[in-house]
Amino acid sequence: MKKYILPSLKLTLVMIILCSAIYPLLIAGISKMAPGKGNGEKLQVNGKVVGYANVGQKFTEDKYFWGRPSAVDYNAAGSGGSNKGPSNPDYLKIVAERIDSFLVHNPSVKRSEIPAEMVTASGSGLDPNISPKSAKIQIKRIAVARNVSEEKITELVEKNTEKPLAGLLGPEKINVLKLNIALDNLK
């Protein structure tokens, strides 16, 4: 029995040091090389912080691109999903309300054209990105609200589309806050 206890205690001690000291320090060191130095990428307008690139924000005005809905009302302290499935009547009612609201603000869009991400919340409730399709479906509304040509806004969407990592990993995406800041700076 002594033959097994001593090696298992040694292995336990090595794993404690590895998992609770070396690995966290390694990850913290790597994060210091990321934008924002591991504290999130702060976005500023005229020297004032308007948000973080990695946390979704609520936009409801017709002159802005809307992001994904949030089950936690974009509260980063209480991140999480609703945990309601597609057969839950409460969930279906919420999604139907979101669809109706989207159609009221985007009358040129057909119900079948609405991307699912525009009416369903993400797992964290804080997703800062939407797909290019979700951005393009909102262009007409924003062009009318801002009295700007659809072509200019389409160019802006294309400029702000982030490609997959190394051209392979992940989908194309658009950060809604960055796009809306660029939209406000549009001349």
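Descriptive notes on the structure:
- Residue match in segment 123-146 (condition: touching a Lys or Arg at 6+ places or on another chain (Cβ under 7 Å), closer than 19 Å to residue 69 by Cβ and hydrophobic (A, V, I, L, M, F, W, C)): yes
- Segment 54-102, residues that are at positive phi and of a type in the set (Gly, Ala, Ser): 80
- Condition check for residue 96: in contact with a Ser or Thr (Cβ under 9 Å, 6 or more places away or on another chain) and either over 19 Å from residue 62 (Cα atoms) or surrounded by 11 or more Cβ atoms within 10 Å (Cβ to Cβ) (or both): no
- Residue among 94, 99, 16 that alone is assigned to a helix (DSSP H, G or I) and either under 23 Å from residue 180 (Cα atoms) or touching a strand residue (DSSP E or B) at 6+ places or on another chain (Cβ under 6 Å) (or both): 99
- Among residues that are out of contact with any Asp or Glu (no Cβ under 6 Å at 6 or more places or on another chain) and surrounded by 10 or more Cβ atoms within 10 Å (Cβ to Cβ), residue 2 is not included.
- Inter-residue pairs, beta-carbon under 6 Å, first within 17 Å of residue 176 (Cβ to Cβ) and in segment 26-43, second surrounded by fewer than 10 Cβ atoms within 10 Å (Cβ to Cβ), 6+ apart: 42/49
Bear in mind these aren't lab numbers, they're just calculated from the coordinates by the rules spelled out. It should be emphasised that the depicted structure is a prediction, and the values quoted were computed from it without experimental measurement. Glycine also receives a Cβ, built like all others from the backbone with ideal geometry; neighbour counts cover every protein chain displayed.
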